[in-house]
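Below is one structure, written out as structure tokens; the observations come after it.
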Amino acid sequence: MSGPKTTPDTKTVRRNLEAFQVPGALLEVHLPRTVKEAMVACAQLEQRYLWVDRLCILQADKTNQICTMDKICLSAQHVIIAYGSENMHPGLSGVSRPRPQTQMSVSFAGLAVTSEGFDDFCDSEFKGCIRQERGWT
């Protein structure tokens with residue numbers, strides 16, 4: 001039996017759902033650099049599980065499943081958002097490439113929130129910012 005098909009745009013669809021549920025299946029597929037580096041970050045944080053929308057949401061049922069994202073994020077121990085990237089290929093700052101020199105960190109309710117500088121990705125009024133196209137950020 002051969003493994004899941006490899007494509008640069010790997011996501012879960014009906015034809016590969018069963019194959020992706022086999023332990024180790026993701027080792028046989030082409031994953032975007034940002035996903036691979038999120039896996040590295042999870043390992044460094046000693047986290048066993050990682051939710052990646054394109055892999056964990058069956059694309060044919062995306063509309064229904066996106067409605068549960070609030071519950072998924074509330075259940076997370078950590079949330080990794082590659083908000084500065086226009087796509088899923090550049091990786092994560094601090095994993096294979098250095099973080100920007102300036103980072104803002106705010107603590108509230110026992111949580112620490114650290115951000116890359118907004119100026120790196122958007123103008124001061126957020127016009128044309130890729131984050132405006134991502135409802136979850």
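The values are calculated or read from the model by the stated rules, or taken from the named source; none is laboratory data. In this text the structure is predicted, and so the values were computed from the model without any measurement. Glycine gets a Cβ as well: all are built from the backbone with ideal geometry, and neighbour counts include every protein chain shown.
Structure notes:
- Any hit, the range 109-118, residues being among the acidic types (Asp, Glu), at pLDDT 80 or above and surrounded by 14 or more Cβ atoms within 10 Å (Cβ to Cβ): no
- Screening 76, 82 for residues that are exposed (fewer than 14 other Cβ atoms within 10 Å of the Cβ) and more than 20 Å from residue 27 (Cβ to Cβ) leaves exactly one candidate, 76.
- Close contacts from the range 50-71, counting a first residue that is free of Cβ contacts under 8 Å to residues at least 40 places away in the same chain and a second that is in a helix (DSSP H, G or I) and exposed (fewer than 10 other Cβ atoms within 10 Å of the Cβ), with Cβ to Cβ under 6 Å and a gap of 6+ residues or different chains, come to none at all.
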